[in-house]
1. Just to check I understand the Karplus step: with θ = phi - 60° and J = 6.51 cos²θ - 1.76 cosθ + 1.60, what whole-Hz values come out for the range 225-230, glycine and proline as x?
2. I need 295, 274, 251 ordered by Cβ neighbour count within 10 Å, fewest first.
3. Once fully extended, how much extra length lies between residue 70 and residue 306, figured as 0.36 nm per residue of separation less the alpha-carbon to alpha-carbon distance?
4. Taking 7 Å along the Cα-to-C-beta vector as the label spot, tell me the residue 104-residue 233 distance in nanometres, rounded to one decimal.
5. With labels modelled as points extended 7 Å from the Cα through the Cβ direction, what inter-label distance (nm, one decimal) is found for residue 165 paired with residue 118?
6. Taking springs between alpha-carbon atoms closer than 10 angstrom, which of 78, 29, 320 fluctuates most in the Gaussian network model of the chain?
7. What is the set of long-range amide H partners of residue 303 at a cut-off below 5 Å, with H atoms built 1.01 Å from backbone N?
8. Using a Gaussian network model on the chain with a 10 Å cutoff between Cα atoms, which of 77, 118, 132 fluctuates the most?
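Please treat every number below as a calculation from the coordinates, not as lab data. Bear in mind that the values here come from a model prediction, so they are computed numbers and not experimental data. Because the Cβ atoms are built from the backbone with ideal geometry, glycine has one as well, and the counts that use them run over all protein chains shown.
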Amino acid sequence: MLIPYKRGAAIYHSSLLNHLAKKTNIIVLTQAHKGKAIIERNKKLNIYRALPPNLLEAPIPVRWATLIILFPFVLFYLLAKYHPDVIHLHSSTPLTRISLILIRFLNIPVILDVRDEYFTDLPIKISNIQRYIAASRAISRKLQSYGIPKEKIVFHGVLNPPIVNEIANDLGRRKSKEKVHTRFIFVGALSKTKGVETLLEAFKQAYGQNSEIKLSMIGEGKMRPFCERFLLENNLGKNVEIIGELNYREVLRQIALSDVLILPSKSEGISRVVIESLELGTPVLASKIGGLNEVIEHRWNGILVHPPDKNNFAKWILELTENESLRSKLASNTKKSETNTLTWEEISASFREIYENS
């Protein structure tokens, strides 16, 4: 199984692996993890990391050059050593595209797990993929638009790990009714795809009409220098904080203690942070794209912005800041949201069935 090494998709697959490894032998190939060994072995779960942990802080060109050189050797070493019955790939890493090309002519069934809309049709069309796992119906439709038969696509929604419910129960609704500021929170990569520029422009516009709003940004990315410069040039440093990366538990805690999660993405399949936010009781202000309308009902448990530009986001930032009754209504409906009716046991059993029938 090839999986990403961090962010939402990694959280999902870590939870999935813990359940699959109870009855299935799993070999995992990923990039690297700070503080983790290159190889971890358990009874039914062996994890290999293609990138030494000390290279995680290296410049991006150095990191990717090393990966491109090392990765094919590690991949074929593992294939020769373990002779897997099935190869399970995740779609959101560039290494997956390399893998699809490298293993094209191997007589091993391939499962492609598609959790976002960043994939392109070329690797899919030139590869021998037996089954596709779609995280949203929007992703399923996009796969079908590439000519993938509907019967080869299995829909699996997003399910939170148990820690989300634990934190939701521990924190309850600790949002002081006496506080002056309304706190918005952004969680994700500081990138163009996640709509960071739209976010800051919208916040600047809204702040010009109401100075009692706050924004916390959790995440790292190429656009951090742009974000810091924007805050400095527009004198927003007191109301906007760039926190950077946090551990998963603390990210969840920060979401639970915020008033609104804001997600101005330009592309999404179905966002894990949205599913987490709903379970934590925090309503969502998001772009009306991808599969987000499958879990967010406009004006019921969140707000869907269309078109997702700075003016519309600014309008809704102000509306949610000044309309406390609407904000309370959305918050009270979040935990009534049916984001996924499956359990981890049912999802892992479904994967085992897919593996056995491929």
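1. Each residue's phi maps through the Karplus curve to give x, 4, 4, 5, 5, 4 Hz.
2. Going from least to most buried by this count: 251, 295, 274.
3. Going from the current span to full extension adds 80.6 nm.
4. 4.4
5. 3.0
6. 78
7. 284, 285, 286
8. So, out of 77, 118, 132, the one fluctuating most is 77.
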